[in-house]
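J.: I'd like to ask some things about the structure below.
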Amino acid sequence: MESERLLYREVSVKRVPHIRSLHRALVNSPRRSSLVNIFRAIDNGFFDSVLPLLKEILLAFTQLEHLELTLNLPSQFPEGIDTILAQCTFELKSFASHAFYNKNVLTFLERQSRLETLRTTGYPPPDWSIPSDTLPRLKYVEAYSQFFVHAIRAPHAITHLDLSLFYGDPMEFGKILRVVRHQLISLKYNLHFGPHPPVWLLTDNIMNGVSMPNLRYLEIKDDGMRNPGNLEYTDDNLAHMERPNTALDTLVWSARFMSQHNFGPPTPQSRLAFVRSRAKQLLEIYGVLRRFFYVERIVGDRQHTQETCVVLFKLGSDGRFMEETTEVNGLPVWSDI
């Protein structure tokens with residue numbers, strides 16, 4: 001029936017009763033397994049009691065194309081999910097999970113010749129790497145830098161990269177870019193806690209570092225909750241912008257600040273004025289760049305982050321510097337470029 005096909009096309013399980021109910025439905029009518037195209041299992045902390053049922057559910061899928069596993073698994077579990085994945089017969093287009101350590105997952109990935117999107121929050125990195133002759137269609141990757149350095153040694157078909165650096169070695173960033181630099185179109189770089197260079201220096205290094213002739217989109221999301229002293233800048237940072245090594249069209253800088261601080265420009269207005277002058281210089285010197293988005297996020301007393309300012313800077317057709325306030329939902333998305 002058409003209604004049943006629509007009902008089972010996309011399935012999400014987030015609680016133990018969801019898994020029991022789905023398992024019972026598939027046992028009662030095995031053909032329903034072939035209707036599931038998208039499956040998400042998001043553990044609320046109690047999935048260990050129904051893990052055998054989840055394994056049977058995964059093994060039953062035959063036409064699955066999109067799989068997301070967010071599981072809180074014990075470090076030692078006999079015949080765990082990774083072993084089951086190695087036995088599954090479906091061919092995915094997208095796979096998201098943090099269970100990337102066991103070599104059984106590598107066995108599973110090596111068979112996914114149709115995989116286009118790979119997303120992992122796995123940390124620390126695995127002790128294996130994906131062979132260069134596998135995953136020929138892999139285009140979108142979202143991962144910590146340590147995972148990429150250890151597991152991805154070949155460019156595959158990667159054109160879009162969402163990369164996070166968390167207490168890592170900034171030198172890893174250069175290693176990653178050298179792998180994909182000739183084909184990279186979109187780059188999102190997430191800075192978490194730990195020592196990082198000022199955003200202006202980082203931007204300059206990306207634009208004028210290794211040649212990335214196809215790079216059109218760059219987003220730097222600064223989640224380090226650093227004080228606005230991070231805005232430190234000198235004109236020397238723009239010394240080589242006239243001959244950049246990218247075709248960058250859009251630059252997004254999303255900065256997160258503490259609501260209470262004692263350093264740097266003290267108000268959103270003064271921070272915006274600081275960014276405005278730097279954006280004007282970037283747009284005027286770097287002729288290919290058309291849009292500069294500045295997003296300011298404030299962390300309040302309860303560690304709640306809120307976007308308080310989204311501004312687009314650009315040059316008009318007559319070369320006049322323009323500024324307009326926009327909405328968060330108007331921001332470009334790295335994977336849509």
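Just so it is clear, none of the values below were taken in a lab; they were calculated from the coordinates. Given the structure is predicted, the values throughout are model-derived calculations rather than measurements.
J.: Expected output is a single nm value to one decimal: the length gained when fully extending between ASP336 and ARG5, i.e. 0.36 nm times separation in residues minus the C-alpha distance. What is it? Please report the intermediate quantities before stating the final value.
T.: Numbers: separation 331, 0.36 × 331 = 119.16 nm, distance 2.83 nm.
Taking 0.36 nm per residue and subtracting the Cα distance, the gain is 116.3 nm.
J.: One quarter of the convex hull surface, Cα atoms only: what value does that give for the range 1-88 in nm²? Mind showing how you got there, number by number?
T.: Values: hull surface 21.6 nm².
Mean projected area of the Cα convex hull: 5.4 nm².
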